[in-house]
Amino acid sequence: MTRPRIRRSIAESTPVFAPVRRPPDRAPNVLVVLLDDTGFAQFGCFGGDVETPTIDRLATGGLRYHRFHVTALCSPTRAALLTGRNHHAVGMGFLTDVPTGFPGYCGRIPESAATLPRILGDAGYHTMAIGKWHIAPRWDQQQSGPFDRWPLGLGFDRYYGFPAGDTNQWAPNLIRDNTYVEPPRTPEEGYHLNEDLADEAIRMITEHRQTTPHRPFFMYYAPGAMHAPHHAPAEFIERYRGRFDDGWDAARARVFARQVAAGIVPPGTEDTPRPPGMAAWADLPPEEQRLYARQMEVFAGFLAHTDHHLGRVVDALEEQGVLDDTIVMVCADNGASAEGGAHGSFNEHTWAMGQSDDLAVSLARIDELGGHRAYGHYSWGWAWVGNTPFRMWKRYAWLGGVRTPLVVHWPGGIAPEARGQVRGQFCHAIDLAPTVLDAAGVPAPAVVRGVDQMPMHGTSLLPSFTDPDAPARETQYFEMLGSRSIVDGRWKATTDHLSQGVPDEAALPGSRDFATDHWALFDLDADFSEARDVSADHPEVVRRLEELWWTEAGRYDVLPLDDSLTGRVVAMEPSPHPPRYRWTFRPGAPTVEEGTPPLAGGFALTLTTDPLPADASGVLVAQGDWNGGWALITRAGRPVFLVARFDTPFRLEADAIPAGTTAVGVTYTREGPAGGTVVLTADGATIGSGRIPHDLPFRWQIGGSRLYVGEDRGFPVGDDYRPPFPFSARIHRAEFTLPYLAFLEDRPDPRADPRADLAVD
């Protein structure tokens, strides 16, 4: 940059101003909408049974792509979409929560893969992110950072949403920019995350238009729906009462017929059969039919509610006169989810923690599904319907896992005569970033902030906006949890490999041995739905594609293969935070990092207070809620220890705390998987004890849970109190000690502790 000419007076001097980042003329605004766990057939405009008028409106005024592909899991697709590179190449071969010591699975997007918001921001765009993030490594999600892989660290100017894989839609863990915040209303006041995220999106867009309307904006809107928990206001769920009573076989046939009639699938497409291990609807007992139908009613209400609030955002763009100049892309991160298993789940945390869900509990609590008490997921029969006409689902390289809907709406760039059409180009999440850059007139940079960049792996779809016959990429590999496939031109080869530790073989037989996996072969030009295996007829094509898959795997850091969903935790990188014997927490600063402190191996907790009155009441400590959590409270001077271990509550009430007490304590002594002993104390004297029949979990909630001292927020752990239920006396501190780490007690400075990988039996 030219240096200014500086002399003794300003009259003799010449200033030089910093360059202004100016986007290309007529660069469009961009709104990328990424839904979660949403199958190919779940939008109305793709044949689904749920009314989605907003998305359907965008499709009618835009384009539908019926060969759009993703990675089969959430974190990898998000990383691929935001970077334009293959997920393994940017370290996101699996969930960011489980980083391992291999390049393709480290859970950290490298600086050599600058994100779309970073590139657009450097070109003069205003960039905003709303909703689910889930591409910051688990060790980086605490309040003190590091923040380099939070949204602002990866190029966004503004952010409002939640950091993890899911969250309670009624009481979420929220972040604004780089700070954890509380929801603006309580569940009892009618709060729902969908509405809040739409409010924030509209507010950010409005603020942008009022202050810098000459700049285009890029907004990434990822509400977290339709991932479990399936939560929706009752009035949305009730719209679908009775709609699914005829079951999943009839629903799939209905959806497929619509797809054929609407041209969503090409003529001659064959619907793949119900998996052999999935029950026919007619063979189910009436009480199970009633439960599963209700689960789908809840899901439908949730999707309709999500579409409704997306509609508010689209309406705001129209009201502000910018909808025609905005590229809107609506897609999903993977196929519909079968993680509810055969019966669905009342509390999805049970599946995530390797527990079996209790069908009797779900039946007994059917009327609570979708509401404040539930954390539900539907039966895998509805995932099968949601992925019509494909096989399998999320986590698999079959089309049911990797082909999802894509809607593109851009009146300024899609001619009127093309609107409403279906496009057949092969495309993938990695193609969206190059498409946006192409439309904006911003070239992919070779260097970003001094760092050489890996090339974009995707290619622009912009030519297909105007030309239905525009060429597309020919080759794309897929891998997720050992399930592998590859597309090369007309051919797709797919393995029958099943994930370890997941009972999917009950739905579809397959292999658990990489060496003996069968590679099926499909001619996608003649077989849109991957229905007819022609490997026996073309063995030479199978060999070529298998070799090509290994070549691509080496090129993009796919190796080593790991087919374990939970077992890979054993290979997870050690925490960078030193292990600690003693943890101290104070009121007013809640923590949200799960496992802080790690209580599963046993703990002792002492709360130091002012001298307590005889009727002291309130929350001493609480973490999580009635879907998974624990709390120590007092009611009229009597302490109560509560544990919500998924569907198994535990409650221990002790004798009254003597007036004047200044230390209240609880100790859990682990006695193995069968639980352990709890002792409550006042100034060191035992005032109550009991036995928990089940061990504490290694993690309370999938999306993380906050630990509060002196109050609680969101939902309670049990019915003994209602948040915030502040403690009626002053608490100085809450101090945990962990007996299994007692050998660290003599180390004076925890910063000197080694980064040991300390396992708990």
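Within segment 141-158, the set of residues being closer than 20 Å to CYS74 by Cβ and in contact with a Gly (Cβ under 9 Å, 6 or more places away or on another chain) comprises GLN141, ARG149, PRO151, GLY153, GLY155, PHE156. Within segment 693-710, the set of residues being farther than 21 Å from PHE162 by Cβ and either charged (D, E, K, R) or crowded, with 22+ Cβ neighbours inside 10 Å (or both) comprises ASP695, VAL709, GLY710.
Residue check: is PRO598 in contact (Cβ under 8 Å) with a residue 60 or more places away in the chain, surrounded by fewer than 19 Cβ atoms within 10 Å (Cβ to Cβ) and either under 30 Å from ASP513 (Cα atoms) or out of contact with any strand residue (DSSP E or B) (no Cβ under 8 Å at 6 or more places or on another chain) (or both)?
Working: in contact (Cβ under 8 Å) with a residue 60 or more places away in the chain: yes; surrounded by fewer than 19 Cβ atoms within 10 Å (Cβ to Cβ): no; either under 30 Å from ASP513 (Cα atoms) or out of contact with any strand residue (DSSP E or B) (no Cβ under 8 Å at 6 or more places or on another chain) (or both): yes.
When the stated conditions are applied, PRO598 does not pass them.
In summary, GLY340 fulfils each of the numbered conditions (1) assigned to a loop (DSSP other than H, G, I, E, B); (2) under 19 Å from the mean Cα position of the chain (by Cα); (3) modelled with pLDDT of 95 or more with the single exception of condition (3). Residue pairs whose Cβ atoms lie under 9 Å apart, sitting 6 or more positions apart in sequence or on different chains, and linking a residue in segment 1-25 that is farther than 19 Å from ALA440 by Cβ to a partner that is exposed (fewer than 10 other Cβ atoms within 10 Å of the Cβ) and of a type in the set (S, T, N, Q), are VAL16/THR2. Residues that are at pLDDT 95 or above and part of a loop (DSSP other than H, G, I, E, B) within segment 720-761 comprise ASP720, TYR721, ARG722, PRO723, PRO724, PHE725, PRO726, PHE727, SER728, ALA729, ARG730, listed in sequence order.
Quickly run through segment 488-506 and pick out the residues that are more than 21 Å from PRO560 (Cβ to Cβ) and not in a strand (DSSP E or B). Of everything in segment 488-506, those that are more than 21 Å from PRO560 (Cβ to Cβ) and not in a strand (DSSP E or B) turn out to be GLY489, ARG490, PRO503, ASP504, GLU505, ALA506. In segment 696-719, the qualifying residues are those that are among the aliphatic types (A, V, I, L, M), at pLDDT below 95 and outside any strand (DSSP E or B), and the one that is nearest to GLU188 (Cα to Cα) is ILE702. Let me confirm something: among ASP56, ASP122, which residue is free of Cβ contacts under 8 Å to residues at least 24 places away in the same chain, within 30 Å of GLU207 (Cα to Cα) and more than 19 Å from the chain's Cα centre (by Cα)? Answer to the selection: ASP56.
Among the residues of segment 436-452, how many are of a type outside the set (Gly, Ala, Ser) and either crowded, with 19+ Cβ neighbours inside 10 Å or modelled with pLDDT under 95 (or both)? Residues that pass the stated criteria total 3.
Against the test of being part of a loop (DSSP other than H, G, I, E, B), out of contact with any Cys (no Cβ under 7 Å at 6 or more places or on another chain) and farther than 19 Å from ALA472 by Cα, the options GLU530, GLU540 yield a single qualifying residue, GLU530.
Let's see how each residue does on (1) of a type in the set (A, V, I, L, M); (2) farther than 19 Å from ASN387 by Cα:
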{"site": "PHE465", "(1), (2)": "no, yes"}
{"site": "LEU521", "(1), (2)": "yes, yes"}
{"site": "ARG532", "(1), (2)": "no, no"}
{"site": "LEU548", "(1), (2)": "yes, yes"}
{"site": "GLU552", "(1), (2)": "no, yes"}
{"site": "VAL558", "(1), (2)": "yes, yes"}
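Whenever a residue of segment 133-145 is on the phi < 0 side of the Ramachandran plot, its partners that are among the aliphatic types (A, V, I, L, M), lying with C-beta atoms within less than 6 angstrom and at least six residues away or across chains, give the pairs ILE135/ALA79.
Which of the residues spanning segment 453-482 are among the acidic types (Asp, Glu) and either surrounded by 18 or more Cβ atoms within 10 Å (Cβ to Cβ) or within 13 Å of ALA113 (Cβ to Cβ) (or both)?
Just the residues of segment 453-482 that are among the acidic types (Asp, Glu), to begin with: 467, 469, 474, 479.
Selection gives GLU479 alone.
As a summary of the residue check, PHE522 satisfies the conditions (1) within 30 Å of PHE736 (Cα to Cα); (2) out of contact with any Phe, Trp or Tyr (no Cβ under 6 Å at 6 or more places or on another chain); (3) in a strand (DSSP E or B); (4) not β-branched (Val, Ile, Thr) except for the one numbered (1). Report yes if some residue within segment 681-692 is more than 28 Å from the chain's Cα centre (by Cα), among the acidic types (Asp, Glu) and surrounded by fewer than 21 Cβ atoms within 10 Å (Cβ to Cβ); otherwise report no. Yes, segment 681-692 contains at least one residue that is more than 28 Å from the chain's Cα centre (by Cα), among the acidic types (Asp, Glu) and surrounded by fewer than 21 Cβ atoms within 10 Å (Cβ to Cβ). The single condition from (1) under 26 Å from the mean Cα position of the chain (by Cα); (2) at pLDDT below 95 that ALA433 fails is (2). In this structure, ARG7 qualifies as in a loop (DSSP other than H, G, I, E, B), of a type in the set (D, E, K, R), out of contact with any Pro (no Cβ under 7 Å at 6 or more places or on another chain) and more than 30 Å from PHE217 (Cβ to Cβ).
All conditions but one from (1) at pLDDT 95 or above; (2) closer than 20 Å to ALA225 by Cβ apply to HIS208; the one that does not is (2).
Just wondering, is there one or more residues in segment 649-657 that are under 21 Å from HIS372 (Cα atoms) and modelled with pLDDT under 95?
yes
Those residues that are loosely packed, with under 14 Cβ neighbours inside 10 Å and over 40 Å from the mean Cα position of the chain (by Cα), I need them from segment 659-680; list them, please. The answer is ALA659, GLY660.
Inside segment 27-44, residues that are crowded, with 24+ Cβ neighbours inside 10 Å and out of contact with any strand residue (DSSP E or B) (no Cβ under 9 Å at 6 or more places or on another chain) make up a count of 1.
Hey, can you tell me all the residues within segment 362-373 that are within 17 Å of HIS305 (Cβ to Cβ) and in contact with a Ser or Thr (Cβ under 9 Å, 6 or more places away or on another chain)? Write out each step before concluding.
Going residue by residue through segment 362-373, those that are within 17 Å of HIS305 (Cβ to Cβ) are 369-372.
Once the filter is applied, which keeps residues that are within 17 Å of HIS305 (Cβ to Cβ) and in contact with a Ser or Thr (Cβ under 9 Å, 6 or more places away or on another chain), segment 362-373 yields only LEU369.
The values are calculated or read from the model by the stated rules, or taken from the named source; none is laboratory data. On a predicted model such as this, the values are computed, not experimentally measured, just so you know. Using ideal geometry, Cβ is built from the backbone for each residue, glycine included, and neighbour counts are taken over all protein chains shown.
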